[in-house]
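Take a look at the structure set out below.
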Amino acid sequence: MLKRLRENKSAQGTLLITPTLIFMVGLLIIPLLLTLIISFGKRSAEGNVIYTFGLHNYMRILGFSHDCPAGQTTCFDPLYAQILWRSISLAFNTTVLVILLAYPLAYFIARSHPSRRNTFLFLVLVPLWTNFVIRVYAWMMLLRTQGLINSVLGWLAGLVGVQFVPFEMLYTPGAVLVGMVYEFLPFMILPIYTSLEKIDNSLYEAAADLGANPLRTFWRVTLPLSMPGVVAGTVLVFVPVMGTFVVSDLLGGKQIILVGNLIQRQFLDARDPTFGSAASLILMVMTLIVMYFYTRKFGFGEEIVAA
Amino acid sequence: MSDFAVELKDVVKTFKTPEGTFINAVDHVNMQIKHGEFFSMLGSSGCGKTTSLRMVAGFEWPTEGEVYIEGQPQGHKPPFQRPVNTVFQSYALFQHMTVYQNIAFGLEMQKAPPNEIKERVGRMLEMVQLSGMERRYPRQLSGGQQQRVALARALVKLPNVLLLDEPLGALDLKLRKEMQLELKAIQQKVGITFIYVTHDQEEALTMSDRIAVMSKGKVLQVGTPVEIYERPNCKFVADFIGTSNFLEGKVKSLEGDKAQVFVPALNAEVKGLVSGTVTVGSQAAISIRPEKIRLADKAALSQNCFEGRIVSSVYIGSDTHLIVEVNGLLLKVWEQNKISSLDPRAYYTVGQSVWLTLFPENTLIMAGE
């Protein structure tokens, strides 16, 4: 038996991927299929699933409502489409801001003395030792009307004798954006750093030697060679931001509803798993579409993965 | 036009070691490189040759002294403002650009018109025999081809001086030999001054018009390949270039360019040619190349002849490499096999007794250590 296995290469391969396969099928494929089936169903009065086949949940997300004013059979309600659009644009804005903040920092770390690089990377990673939700709470402490930022500003205003009205920062779109950028910054810094760090110093020298000043060296050599890191970082940031609901829940209050919040509420508050499932699948498809076009243009950042 | 393409005047480069002490990687170096010359800096690793080259390129700035290019002091000018280009040891090709884009890069940086770029890159590709490969990426090329791209990329700018930092180091022996001849041919064709850094003495002797032998940050000797090999000015150079036998002794007398040295190990005076500088009474090193010792059955001269016994004999085809023991000293002697023979008696054999003649004109006397 063992001898036969030793000779059979394909059986060895199958055996090696079996644990992962069981995991993937059990925890990804089957739940996904269940979600798909449920999304076609209807909600019973008690909040259970009635298994039927209909596209009503999808129609509802896209805005074709059945709860119309008297006299109309169909009408258009853009509520959910707005939520989808808000999620995409927030994910987009977050990603762009994160790139703009992460790139200079990653560049600084990559070009600093090798003996200091680990210290800087350590500092980048330290916040990740604390729970995600706790870090969001910390931002609430900072942003509240009586929070740290307003207190300090008020104290400073008092010193110079100016009337100070505290800023309303918490529960605004800005607060959600700040929270998202903060949470996902390390996931952009690390891949960009990795790709920058791999650029051999002789390439900078070669560019200078051939007549490129530092600015042109950056545009023609540094940036193109670090793009795999930017791409990998974008995937690591854009996808989770699309689905997260904790940040918007805590920092956005009830005003800023994203797809993530919508799905969470359908399952927990509204007790309509059928609509929640449909929203989940829409989110997934939307993310896949964006990533498909993005990676088709820029690649997967495979050089980073290979490193 | 200034007298020299490149001149290093009393250049010092000090680096801080990880232990916090300071070391002169380049120590008061003076060099004058003529226009159109193939000039090599030769030395083992850490001798300061690469640092010297990098100071000409502008990647490093001298701690003291000055680098002149075409008579212009370079001071702290950055590399992109110097009329020199470099071929890097690692090639340093831009992996995200094609062969064409790599070669065109330097011309784009100087804002040459597009049709001129196209024409010059095309001519350069032809010269390094890479026509038809312009759309390939560096990773799709062999080591030798990458080396050619690196050369073309630097040469296309027609710099006053081309700096080459061990450009053939990563190639295998056969390819290296081919590239040596090709590099030399290209240099003669374009007429650009080449400064070539290498630790390979054979490479330096093959290609260079002049060689600077360096050690511990200092230039020991500058000369043509013949001068460096036939008249080394110190023991280090004689030892570093080719193979030499060394005898230690004390200078007895000087007469013109000849000197008499008493060698205690042989209990005899040896007459030879002064190479470098020695004074009467000083310690001297006598250097003689293995191929320049004459073997015979009996003494041919009244002086400089010693009887010895062969302790090792290795036939290597063109030569027979012998080791001869004289008064307890072991001397290397290379005999050319001038006669074709299968008879073992035609060759020197171990145990045989022979007379060695060190002709005074082949025997070099230089300062001892």
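The values are calculated or read from the model by the stated rules, or taken from the named source; none is laboratory data. What you see is a predicted model, and the numbers here were worked out from it, not measured in a lab. Cβ placement follows ideal geometry from the backbone for every residue including glycine, while neighbour counts extend to all protein chains displayed. When the accessible area is computed, the model is the full protein with side chains, heavy atoms only, and any ligands, DNA or RNA have been set aside. Shrake-Rupley method; radii C 1.70, N 1.55, O 1.52, S 1.80 Å.
Taking a ≥ b ≥ c as the square roots of the eigenvalues of the alpha-carbon gyration tensor, region A:77-130 is classed oblate because a/c is 1.5 or more while a/b is no larger than b/c.
Rounded to the nearest 10 degrees, the angle from helix B:143-155 to the longest Cα principal axis of chain B is 70 degrees.
For region A:161-181 and region B:179-250, what is the separation of their C-alpha centers, rounded to whole Å? Using only Cα atoms, the two centres lie 72 Å from each other.
Treating cross-link reach as a plain straight distance, find the aspartates and glutamates whose alpha-carbon is under 19 Å from the alpha-carbon of residue B:338, omitting any fewer than eight places away in the same chain. Partners within reach: B:291, B:297, B:319. What does the C-alpha gyration tensor say about the overall shape of region A:242-288? Classify as rounded when a/c is under 1.5, otherwise prolate if a/b is larger than b/c, or oblate. Cα axes put region A:242-288 in the oblate bin. Net charge dipole, chain B: roughly 680 debye, given to the nearest 20, about the Cα centre with Cβ charges of +1 for Lys and Arg and -1 for Asp and Glu. Here is how the number arises for chain B: DSSP H runs of 4 or more residues each give -39500 (n - 2.57), the sum is divided by the residue count, and the result at 222 nm is -7000 deg cm²/dmol.
Which of the listed residues, B:198, B:265, A:201, is farthest toward the dipole's positive end in the protein assembly as shown, when Lys, Arg count +1 and Asp, Glu count -1 at the beta-carbon? Looking along the dipole axis, the top candidate is A:201. Against chain B, whose longest principal axis comes from its Cα atoms, helix B:99-109 is set at around 70 degrees. Note on chain A: GNM, Cα springs under 10 Å; of A:224, A:104, A:273, the largest mean-square fluctuation is that of A:224. My understanding is that a pair violates if its Cα-Cα distance is over 29 Å; which of B:9/B:250; B:250/B:292; B:271/B:298 do that in this structure? From B:9/B:250; B:250/B:292; B:271/B:298, over 29 Å: B:9/B:250. Among the listed pairs B:252/B:332; B:258/B:332; B:77/B:177; B:16/B:177, a Cα-Cα separation exceeding 28 Å is found for B:77/B:177; B:16/B:177.
Of the DSSP H helices in chain A, those with a Cα length along their own long axis of 20 Å or more and a mean Kyte-Doolittle hydropathy reaching 0.0 comprise A:9-24, A:79-111, A:173-197, A:223-243, A:273-298. Taking all protein chains into account, the per residue accessible area for region A:107-189 stands at 62 Å² (1.4 Å probe). Comparing Cα centroids, region B:286-312 and region A:237-260 end up 93 angstrom apart.
Sparsely packed loop sites in region B:209-252 (the trypsin sites (Lys or Arg not before Pro) outside DSSP H, G, I, E and B with at most 16 other Cβ atoms within 10 Å) comprise B:216.
Per-residue ellipticity at 222 nm, computed for chain A from helices alone with -39500 (n - 2.57) per DSSP H run of at least four residues, works out to -22500 deg cm²/dmol. In whole Å, how far is the Cα centre of region B:120-173 from that of region B:26-61? Between the Cα centres of region B:120-173 and region B:26-61 lies a distance of 22 Å. In straight Cα distance, which lysines are under 24 Å from residue A:9, not counting same-chain residues fewer than 8 positions off? Cα-Cα hits under 24 Å: none found. Considering region A:79-306, its Cα convex hull presents a mean projected area of 16.8 nm². Under the combined filter of DSSP loop state and at most 13 neighbouring Cβ atoms within 10 Å, region B:255-319 retains these trypsin sites (Lys or Arg not before Pro): B:298. In chain A, the sites counted are trypsin sites (Lys or Arg not before Pro) in DSSP loop states with at most 15 other Cβ atoms within 10 Å, and the longest stretch holding none of them, exclusive of the sites, is A:1-197. Calculated accessible area for region B:224-269 comes out at 49 Å² per residue, all protein chains present (probe 1.4 Å; ligands, DNA, RNA ignored). For region B:89-123, a decrease in accessible area of 30 Å² or greater in the assembled protein chains relative to the isolated chain, with a 1.4 Å probe, applies to B:92, B:94, B:96, B:105, B:108, B:109. Under the criterion of Cα pairs below 8 Å and six or more residues apart, the relative contact order for chain B equals 15 percent. Overall, the protein assembly as shown carries a charge dipole of about 1420 debye about its Cα centre when +1 sits on the Cβ of Lys and Arg and -1 on the Cβ of Asp and Glu, all other atoms neutral.
From the residues B:53, A:148, B:219, which one has its Cα farthest along the dipole of the protein assembly as shown in the positive direction, the dipole being from +1 and -1 charges on Cβ of Lys/Arg and Asp/Glu about the Cα centre? Farthest along the dipole direction, towards plus: A:148.
Each Cα pair under 8 Å and six or more residues apart adds its separation to the average, and for chain A the resulting relative contact order is 24 percent.
If the cut-off is 19 Å between C-alpha atoms, which lysines fall inside it for residue B:184, apart from same-chain ones fewer than 8 positions away? Straight-distance partners of residue B:184: B:34, B:157, B:174. In this assembly, the B-A interface accounts for approximately 1800 Å² of buried accessible surface in total, computed with a 1.4 Å probe and without ligands, DNA or RNA. Once a ≥ b ≥ c are taken as the square roots of the eigenvalues of the Cα gyration tensor of region B:41-119, is the result rounded (a/c under 1.5), prolate (a/b larger than b/c) or oblate (a/b not larger than b/c)? In terms of gyration-tensor shape, oblate. In this calculation the C-beta distance from residue A:294 to residue A:219 is compared with R0 = 25 Å, giving a FRET efficiency of 0.70. Ignoring any ligand, DNA or RNA, what whole percent of the accessible area of chain B comes from carbon and sulfur when the probe is 1.4 angstrom? Answer for chain B is 51 percent, counting heavy atoms of protein chains only.
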